[in-house]
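Input: a single structure, listed below in structure tokens.
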Amino acid sequence: MSGLRALLGAGRPLVVPGAANALTARVIEDCGFESLYVTGAGVANTHLGVPDIGLLTFGEMLAHVAAIREAVSVPLIVDADTGFGNPINVRRTVRDLERAGAAAIQIEDQTFPKRCGHFAGKGVVPAAEMIAKIRAAVDARRDDGTLIVARTDARAVAGLDEACDRANAYRDAGADVVFVEAPRSEAEVEAVAARVRGPQVINLVHGGVTPMLPERRLRELGFAIVLHANLPLLAGLKGVQDALRTLRAGTVPGEERLASWEERQRLVRRAEFEELEARYATPSPEEGTS
């Protein structure tokens, strides 16, 4: 799993789209991205049709990670929410996600049930409780190349100073990457970049509270990961809505608005499975006689 660590040391921000399922992950890899984010919000939205309010179980997330890992070869950054429990639960969460193929595992300091980082009404646990979870996560990993990403949602609860202090404390506790969620202005993004030590994530949520700064500016500020967790989901949802509304109005959408049959089969690698079918085909009775 050391490939992700090398990518973060390349001297440029790693732009990471979010995937809620294996097919979206295939599209992300096919478009040339070097890593992807397995988004808990996206899995909750697409798998359960519910908002990101802590309803997704660990088993459901683990199954999605395993399916995505099988589908792509790029490193996976996995959203593990609050770690699905106390530090002992975090140990199991890290062990199981690492075994399923995670290259990085993100945990956050929200109270349970957690909420989307750009929702109102969040709460955070005491910093000491989160530090214990980080220590458990670091101890649990079997591969030193597996990165632990520590996110704080304290900006919305206790202000930016507390969020930056927590991020630095989490870094000191052993987190490889830290993540101050939901700064509310360019000035706040700049303050986070200046005050928090070590590699950092900036999460650009379309419709969220953080300004959509250009990659050039984020490179200047030194962010290691630029996360677009919900962009593929929003784009896909809009495309489906447009096509179905056209169909409901009585017109079949034009080919220019749809992926082709051939493109769909290419992305799911139909040709590879046909080759496997041919390789393992049972000989007919005539072929089996000599």
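So here's what we get for this one:
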item: Any chance LEU233 is of a type outside the set (Asp, Glu), in contact (Cβ under 8 Å) with a residue 40 or more places away in the chain, within 30 Å of ASP165 (Cα to Cα) and not in a loop (DSSP other than H, G, I, E, B); result: no
item: Sole exception among (1) hydrophobic (A, V, I, L, M, F, W, C); (2) part of a loop (DSSP other than H, G, I, E, B); (3) touching a residue at least 12 places away in the same chain (Cβ under 8 Å) for ALA259, by number; result: (3)
item: Matching residues, region 1-40, being closer than 24 Å to LEU221 by Cβ, surrounded by fewer than 16 Cβ atoms within 10 Å (Cβ to Cβ) and of a type in the set (A, V, I, L, M, F, W, C); result: ALA6, ALA10, VAL15
item: Matching residues, region 240-277, being small (Gly, Ala, Ser) and under 19 Å from ALA22 (Cβ atoms); result: ALA259, ALA271
item: Test: ALA193 is within 20 Å of VAL149 (Cβ to Cβ), free of Cβ contacts under 8 Å to residues at least 60 places away in the same chain and touching a Gly at 6+ places or on another chain (Cβ under 8 Å); result: yes
item: Search result, residues across region 47-66 that are over 14 Å from the mean Cα position of the chain (by Cα) and surrounded by 17 or more Cβ atoms within 10 Å (Cβ to Cβ); result: GLY54, LEU56, PHE58
item: Tally, over region 49-87, of residues that are more than 16 Å from ALA22 (Cα to Cα) and of a type in the set (A, V, I, L, M); result: 5
item: Matching residues, region 141-179, being assigned to a strand (DSSP E or B) and either touching a residue at least 40 places away in the same chain (Cβ under 8 Å) or among the small types (Gly, Ala, Ser) (or both); result: LEU147, ILE148, VAL149, ALA150, ARG151, THR152, VAL177, PHE179
item: Verdict on VAL94 being β-branched (Val, Ile, Thr) and over 14 Å from the mean Cα position of the chain (by Cα); result: yes
item: Long-range neighbours under 7 Å by Cβ, at least six apart or interchain, first residue assigned to a loop (DSSP other than H, G, I, E, B) within region 9-26, second surrounded by fewer than 19 Cβ atoms within 10 Å (Cβ to Cβ) and of a type in the set (Asp, Glu); result: PRO13/GLU215
item: Some residue of region 234-246 being surrounded by 13 or more Cβ atoms within 10 Å (Cβ to Cβ), modelled with pLDDT of 95 or more, farther than 28 Å from LEU7 by Cβ and in contact with a Pro (Cβ under 8 Å, 6 or more places away or on another chain); result: yes
item: Members of region 127-176 that are among the charged types (D, E, K, R) and within 18 Å of the chain's Cα centre (by Cα); result: ARG151, ASP153, ASP176
item: All strands (runs of 3 or more DSSP E) inside region 29-137 with 3 or more residues being closer than 15 Å to PHE179 by Cβ and modelled with pLDDT of 95 or more; result: 76-79, 104-108
item: Total residues in region 1-60, condition charged (D, E, K, R) and within 23 Å of ILE148 (Cβ to Cβ); result: 5
item: Residue check for ARG219: touching a residue at least 60 places away in the same chain (Cβ under 8 Å), over 13 Å from ASP109 (Cβ atoms), outside any loop (DSSP other than H, G, I, E, B) and within 22 Å of the chain's Cα centre (by Cα); result: yes
item: Conditions (1) crowded, with 20+ Cβ neighbours inside 10 Å; (2) out of contact with any helix residue (DSSP H, G or I) (no Cβ under 9 Å at 6 or more places or on another chain); (3) not small (Gly, Ala, Ser); number of the one not met by LYS114; result: (2)
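The values are calculated or read from the model by the stated rules, or taken from the named source; none is laboratory data. The shown structure was predicted, so the numbers you read here are calculated from the model rather than taken from an experiment. Glycine also receives a Cβ, built like all others from the backbone with ideal geometry; neighbour counts cover every protein chain displayed.
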